[in-house]
Structures are given as structure tokens and as C-alpha cells.
Amino acid sequence: MTPEHPTPEPPGPVYADRVYRSLAGIAGGVLLLALAVWLGIDALVNGHGNTPWLALAGLLFVIPLVTAFTLRPAVYASADRLKIRNPFRSITLPWACVDDFRAAYSTEVFAGSRKYQLWAVPVSLRRRKRANVQQMRASMPGAERRQNRNPFAQGADADQGRAPSDQTVIELRQLAETGKDRPAAQGPPEIRWAYELMAPCVAGAVLLAVLLAVG
């Protein structure tokens with residue numbers, strides 16, 4: 001008889017990573033890239049003398065630089081770790097090594113003695129001030145009666161009572177607290193530099209400086 005093997009227990013549910021990005025940064029980056037490409041192509045086609053070479057060097061420098069600071073930043077939060085994609089480096093932090101998050105003038109995560117900035121989660125002091133005003137209005141006498149008249153608006157009011165960066169910090173803290181004891185959430189931080197963006201940016205800057213010095 002063939003021995004029976006116990007059926008392994010199915011793993012727990014696997015959820016997609018939460019992704020945090022700045023829509024304003026992406027929109028601004030697309031506009032800047034479109035403008036740079038338009039001006040660069042015009043200089044390459046219609047320029048004279050060193051102008052096409054200057055345009056080529058400028059594009060080589062500007063395109064990766066704008067991409068790094070606008071399109072690249074993102075934060076991925078899974079059940080086991082946090083991945084921060086900043087302009088020129090990526091940081092992977094297992095939840096066990098994450099100590100806390102803070103959103104003062106910028107959003108930051110603390111891991112041991114190190115501090116990392118979350119470029120994809122900008123802090124808007126104007127949005128925070130607006131959220132504080134909404135919280136003050138909600139705490140005024142009569143606000144509770146108005147909310148009870150419209151119970152469907154209570155969830156929306158709770159979300160509007162926080163700035164987006166503060167809400168993101170709360171969500172990341174909850175994920176860190178939930179996942180820090182998981183076996184797959186252990187380990188040290190890992191850092192990877194974005195050489196694919198740094199190399200063309202440096203090359204473009206050097207070429208631009210040489211052309212300006214020669215011209």
C-alpha cells in the first residue's frame with residue numbers, strides 16, 4: 001500500500017501590496033518630460049553648430065533626473081515588508097526592523113539608528129491645516145446631531161479629518177504592528193542604488209559641462 005502523506009495546510013490569504021504614490025508628482029513629471037522632449041527634439045532638428053550636441057547632453061541629463069524625482073518614487077507595503085523606492089535608491093525593510101513612522105515636514109520611517117524618507121508620501125501642511133479645521137468643526141456643539149441626521153457621511157468625515165500623509169502613516173503603523181512577528185518579516189534592511197538612472201544622469205552632466213567649456 002502507498003503510504004498516505006498528510007495534506008499540507010493551505011497558506012494564509014495573500015493580499016496585493018498597498019502602493020502609495022504622489023499623483024501630483026507623476027502629473028508634473030509627465031509634463032516636464034513632454035516639455036523637455038519637445039524642446040530637445042526641436043533643438044536636434046533645427047539647431048546649428050553645437051546646439052544639437054548640447055540638446056542631446058541636456059536630454060541625457062534631464063530625462064533620468066526628472067524621472068527619478070517624479071515618476072520613480074513609490075512605497076510598497078506587503079504583509080512581510082516595506083519597500084521604499086526613492087529617487088536614486090530602493091530600501092527594503094522587513095516589518096520586524098521597523099520601529100516607527102513620522103510625518104512632520106516629510107514622511108519618515110525609523111529602523112534602528114537609521115532614518116529613511118518616503119519621497120512618495122509628501123506632507124502637505126495646507127491639507128493638514130484643512131483637516132485640523134474639519135476636526136475642530138466636528139467637535140463643536142451640535143456637530144454630533146448633524147452627523148446623526150446623515151449616518152452615511154460619518155465614514156467620509158472620519159477620512160476627511162486627517163491629511164493624506166497622516167492617514168498613510170496610520171495604515172503603515174498598523175501593517176508593521178500586524179506583520180512584525182511573521183517569520184518572513186525578519187531580517188536587516190536592504191539598500192539598492194538606482195545606477196540605471198544615476199549613470200546616464202552623470203554622463204549627461206559631464207558631457208554638458210565639456211560642451212559648455214569647449215564652446
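The values are calculated or read from the model by the stated rules, or taken from the named source; none is laboratory data. Because the structure is a prediction, the values reported are computed rather than measured. Because the Cβ atoms are built from the backbone with ideal geometry, glycine has one as well, and the counts that use them run over all protein chains shown. What goes into the accessible areas is simple: the full protein's heavy atoms, side chains included, and nothing from ligands, DNA or RNA. Shrake-Rupley method; radii C 1.70, N 1.55, O 1.52, S 1.80 Å.
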Checklist line | Selection within segment 26-48 - within 21 Å of G215 (Cβ to Cβ) and either touching a residue at least 60 places away in the same chain (Cβ under 8 Å) or within 20 Å of the chain's Cα centre (by Cα) (or both) | finding: none
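Within segment 170-187, how many residues are over 21 Å from the mean Cα position of the chain (by Cα) and on the phi < 0 side of the Ramachandran plot? Spell out how you get there, then give the answer.
Applying the first criterion (over 21 Å from the mean Cα position of the chain (by Cα)) to segment 170-187 yields 178, 180-184, 186-187.
Pick out the ones that are also on the phi < 0 side of the Ramachandran plot and you get 178, 180-184, 186.
Residues that pass the stated criteria total 7.
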Check: Would segment 14-22 turn up any residue that is modelled with pLDDT of 95 or more, more than 29 Å from Q174 (Cα to Cα) and either open to solvent by less than 90 Å² (accessible area, probe 1.4 Å) or in a helix (DSSP H, G or I) (or both)?
Finding: no
Next item on the list: Check S90 against each of (1) under 22 Å from L33 (Cα atoms); (2) surrounded by fewer than 18 Cβ atoms within 10 Å (Cβ to Cβ); (3) not hydrophobic (A, V, I, L, M, F, W, C) and name the one condition it does not meet.
Entry: (1)
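Across segment 23-53, what is the total count of residues that are aliphatic (A, V, I, L, M), more than 30 Å from V169 (Cα to Cα) and loosely packed, with under 11 Cβ neighbours inside 10 Å? Full working, then the answer.
Here is the first cut: in segment 23-53, the ones aliphatic (A, V, I, L, M) are 23-24, 26-27, 30-37, 39, 41, 43-45.
Narrowing the set further to residues that are more than 30 Å from V169 (Cα to Cα) leaves 33-37, 39, 41, 43-45.
With loosely packed, with under 11 Cβ neighbours inside 10 Å added as a condition, the list becomes 34, 45.
So the answer is 2.
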Margin query: Any residue at all in segment 63-73 that's touching a Phe, Trp or Tyr at 6+ places or on another chain (Cβ under 6 Å), at pLDDT 95 or above and either open to solvent by 60 Å² or more (accessible area, probe 1.4 Å) or within 30 Å of D181 (Cα to Cα) (or both)?
Written below: yes
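Kindly evaluate G204 against the criterion of being of a type outside the set (D, E, K, R), open to solvent by less than 60 Å² (accessible area, probe 1.4 Å), in a helix (DSSP H, G or I) and modelled with pLDDT of 95 or more. Spell out the reasoning first.
Details: of a type outside the set (D, E, K, R): yes; open to solvent by less than 60 Å² (accessible area, probe 1.4 Å): yes; in a helix (DSSP H, G or I): yes; modelled with pLDDT of 95 or more: yes.
Criteria met by G204.
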